[in-house]
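Asks: Below you will find the structure I want to go over with you.
The values are calculated or read from the model by the stated rules, or taken from the named source; none is laboratory data. Note that the structure is a prediction, hence the values are computed from the model and not measured. Cβ coordinates were reconstructed from backbone atoms using ideal geometry, including for glycine residues, and neighbour counts include every protein chain displayed.
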Amino acid sequence: MIDIIIPTNKSKKDLRLFLKNLKLSVDVTKFNIIATCFNVSAATNRNYGLVKSGLNNIVIMCDDDILNFYPGWAESLVKPLENKNVIMVSARLVNKDNTPAVMMNIKPDFSKKVIEVKERMLPSACIAFRNDGTKFDEAYEGAGFEDTDFCMQLNEKYPNGKFVIKNTVKLLHLNEMKNQLNGQLQKNKQYFEKKWVLPITSK
């Protein structure tokens with residue numbers, strides 16, 4: 001079983017349609033859905049999902065503003081993790097008009113089905129990785145930069161690991177930026193910059 005973690009502060013009632021569409025797109029004998037539904041920070045919701053999943057499992061972590069799931073997307077997303085050198089995989093996020101959505105500062109590259117990201121960081125809107133015990137830093141308030149921090153931790157742990165985007169898994173990202181207003185994003189940015197004084201580089 002592979003767990004699909006939905007780190008969200010929405011209630012199960014508010015997620016009803018989202019979860020219905022998600023369940024219709026996956027084989028429930030292979031994929032287990034964990035919706036956190038706590039009114040806490042993104043990092044805390046993410047960590048709760050990881051604890052529920054258990055160590056050494058491959059997990060998919062998917063935000064509640066991802067749409068256009070289709071049969072087979074989940075199997076395709078986790079496929080690159082068969083290569084032990086691949087640490088994290090992201091879906092190719094798109095806008096409503098099917099143009100490439102913002103994915104940090106990563107320049108869109110459609111030259112291959114799977115492209116390696118030289119920055120070795122990925123946005124967390126829809127990602128797959130191994131639950132190796134690494135946790136999200138709960139010092140980040142609301143949402144924002146907790147996912148970048150998580151990538152930094154994995155960079156330290158796996159200095160030669162690869163971060164990739166699966167171009168063939170195209171999913172709509174509404175990018176609602178929940179819990180990033182009221183100064184949280186700027187606070188989190190300052191905390192991130194203070195914590196990671198030196199950039200992580202590959203050995």
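Asks: So which residues in the range 41-76 are in a loop (DSSP other than H, G, I, E, B), without any contact (Cβ under 8 Å) to a residue 60 or more places away in the chain and surrounded by fewer than 16 Cβ atoms within 10 Å (Cβ to Cβ)?
Replies: Selection gives Y70, P71, G72.
Asks: Now for a different question. What is the number of the single condition among (1) touching a strand residue (DSSP E or B) at 6+ places or on another chain (Cβ under 6 Å); (2) part of a loop (DSSP other than H, G, I, E, B); (3) of a type outside the set (D, E, K, R); (4) surrounded by fewer than 24 Cβ atoms within 10 Å (Cβ to Cβ) that L122 does not meet?
Replies: It fails just one condition, (4).
Asks: Let me ask something else about it. For the range 11-33, enumerate the residues that are outside any helix (DSSP H, G or I) and surrounded by 19 or more Cβ atoms within 10 Å (Cβ to Cβ).
Replies: Residue satisfying the conditions is V26 alone.
Asks: Oh, and also: Could you grab the pairs with beta carbons closer than 8 Å, sequence gap of 6+ or different chains, first residue in the range 1-24 and without any contact (Cβ under 8 Å) to a residue 24 or more places away in the chain and farther than 14 Å from F38 by Cβ, second one surrounded by fewer than 19 Cβ atoms within 10 Å (Cβ to Cβ) and of a type in the set (D, E, K, R)?
Replies: Note: pairs meeting the criteria are L19/K12.
Asks: OK, next. Please go through the range 91-117 and give me each residue that is touching a residue at least 60 places away in the same chain (Cβ under 8 Å) and either surrounded by 14 or more Cβ atoms within 10 Å (Cβ to Cβ) or at negative phi (or both), ordered by number.
Replies: A91, R92, L93, V94, N95, K96, A101, V102, M103, listed by residue number.
Asks: Same structure again: Collect the residues in the range 144-164 that are under 15 Å from I127 (Cβ atoms) and not aromatic (F, W, Y), keeping them in residue-number order.
Replies: E146, D147, T148, D149, C151, M152, Q153, L154, N155, G161, K162, V164
Residues are listed down the side, and each one gets a yes or a no for (1) at pLDDT 95 or above; (2) within 16 Å of the chain's Cα centre (by Cα):
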{"position": "M61", "(1), (2)": "yes, yes"}
{"position": "W73", "(1), (2)": "yes, yes"}
{"position": "M88", "(1), (2)": "yes, yes"}
{"position": "R92", "(1), (2)": "yes, yes"}
{"position": "V102", "(1), (2)": "no, yes"}
{"position": "T134", "(1), (2)": "yes, yes"}
{"position": "E141", "(1), (2)": "no, no"}
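Asks: Return yes when F150 is crowded, with 16+ Cβ neighbours inside 10 Å, at pLDDT 90 or above and within 14 Å of V117 (Cα to Cα) and no when it is not.
Replies: So F150 does not fit the description; no.
Asks: OK, next. Take the residues in the range 165-195 that are closer than 16 Å to K10 by Cβ and surrounded by fewer than 13 Cβ atoms within 10 Å (Cβ to Cβ), then tell me which one is modelled with the lowest pLDDT.
Replies: The residue in question is M177.
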